[in-house]
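The values are calculated or read from the model by the stated rules, or taken from the named source; none is laboratory data. Every value quoted in this text rests on a predicted model; they were computed, and no experiment measured them. Here the Cβ positions follow ideal geometry from the backbone for every residue, glycine too, while neighbour counts run over all protein chains shown.
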Amino acid sequence: MSRTASALALALVLVAALASGVAAAEPTFGKATVSATFLDGIKLEQRVSLPSGVHRVEAYVREGSDAHTFLADVANPGTGDHLLTYTFETPAGSIYPNTHVQLGFRVTFDDGHVVDGPPETVLYEDDRFAWATLQGDLVRVHWYQGDEAFGRRALAIGEKAVKDASDLLGVTETEPIDYFIYADTKPFYDVLGPALRENVGGIALPEIRTLFANIPPSAESESWVGIVIPHELTHLVFGTATNNPFHDPPHWLNEGLAVYLSEGYSTSARRNVERTARAGEIMPLRALVGQFPTTADRFGLAYDESVSAIDYLIRTHGQEALVTLIRSYAGGVSDDAAFSAALGVDVAGFEAGWLADLGISEPVPFGPRPAPPGPLPPDWAAAPAQTANPGASGLPAPTFRATTPGAGDVSGPVTIAVLALLAVLLAVGLLVVARRLSQGEPLLAPAVPTVPTAVDDDDADRDAAAAGGEDDRPQ
Ligand SMILES: [Zn+2]
């Protein structure tokens, strides 16, 4: 081996050693601890020993089965041993109770490589109440007010609802479903958060297999229990049957099925739909694909129309076609593809059939309409009177004229007339002077008094015009 070659080999060994030395300098983490406070936050703490070369420190958060990772900057404390802390804020509606949340810290180095510390997982719970729990084959009912009989009844209804919906849609539910019953409205709305409609009585969250409902355990609510529990559980089974990453089924199909299986096409719903149809105010189904309207009457009508459409679908195409339609959404197909394959008509064709069944033609679109005139700022009210000089009304008039001296002087007819008069007087004066000079008379005596009188008058007019502001503005 030559001298150069051995020197090169030595250098390579040194570089490799250096590189492995850098790679070995990774952060070391202690065990993370998390503590959650409902409606406040989830606090993460973890000891870490940071080597040099740390570019950035972050906290990472993953909720439920969601594949998204939320990252939040944490102050980089530099090389050495530290206790890292981070609080993930959880105001009302930001994260539902009964969600598993995974938290940890992430270290990014100057060279771009990333090291995630070992995470800790916490079950985010509504711990404001002492929940009683009863577990059936699939459903776990949680409630905090009312006796055990109330819980048993809710459980029996829930188990039956899951069985009925699963049998109908041909899906098999195997994972437990948690059902939380709130006796009070306020804490129930704390769970929903400010983004949800205030006329919501229950909510189904297939992604965490959890349902929340507001059911006071009173005698009057007995029938409500028998409706809201099957309703929400039908949503959950519907979610299992149609789950796909591409395209959600129309909202009216989901709600229509939930109403149909929990209370059927009731007389009151039928009356509401038929009365609205006669009045020419039916909302087309394509208006009920996403969120339902906000106002209470239209919100209720949306449910009534949804179950009306389901009733029409089953009467016309049969229950099997309904099941085929719903199941086909699991393939991520479009609405037209799903309807055409299951019913032999596309969405528009189905809607036309439903409207014809109601005895009406397609509703006339209500909008878009021009926006109503909005309120004017108070200082805009006088604007029309000032159109000749927009923007000048806010300025003191004398200042306006003073900033442009001369502009008004030469263009005013009065001024022009005065100047013309001056020119004539000057010419006459010169003529007189020339004559007197030619006649040997003295220059000053008679000509001077006549001219200044005219000029003084003109000056007075001009000042008055300036003081009077806009009135004397030309044009
Ligand atoms: Zn619903």
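Of note:
- In the stretch 282-301, the residues that are surrounded by 18 or more Cβ atoms within 10 Å (Cβ to Cβ) and within 15 Å of the ligand (Cβ to nearest atom): 288, 292, 301
- For the stretch 122-192, no strands (runs of 3 or more DSSP E) sit wholly inside it while including 3 or more residues that are among the β-branched types (Val, Ile, Thr) and on the phi < 0 side of the Ramachandran plot.
- Any hit, the stretch 217-225, residues being without any contact (Cβ under 8 Å) to a residue 12 or more places away in the chain, under 21 Å from residue 94 (Cα atoms) and surrounded by fewer than 19 Cβ atoms within 10 Å (Cβ to Cβ): no
- Positions within the stretch 251-260 being hydrophobic (A, V, I, L, M, F, W, C) and within 11 Å of the ligand (Cβ to nearest atom), in sequence order: 252, 257, 258, 259
- Of the set (1) within 16 Å of the ligand (Cβ to nearest atom); (2) modelled with pLDDT under 95; (3) closer than 17 Å to residue 309 by Cα, all apply to residue 269 but (2).
- Some residue of the stretch 334-355 being free of Cβ contacts under 8 Å to residues at least 24 places away in the same chain and within 16 Å of the ligand (Cβ to nearest atom): no
- Matching residues, the stretch 269-281, being surrounded by fewer than 16 Cβ atoms within 10 Å (Cβ to Cβ) and touching a helix residue (DSSP H, G or I) at 6+ places or on another chain (Cβ under 8 Å): 270
- Among residues of the stretch 266-278 that are of a type in the set (Ser, Thr, Tyr), those with a Cβ under 7 angstrom from a residue that is in a helix (DSSP H, G or I), sequence gap 6+ or separate chain, pair up as 276/301.
- Residue 264 being on the phi > 0 side of the Ramachandran plot and out of contact with any Cys (no Cβ under 8 Å at 6 or more places or on another chain): yes
- For the stretch 181-228, filtered to residues that are touching a strand residue (DSSP E or B) at 6+ places or on another chain (Cβ under 7 Å), over 23 Å from residue 100 (Cβ atoms) and modelled with pLDDT of 90 or more, the residue that is farthest from the ligand (Cβ to nearest atom) is 185.
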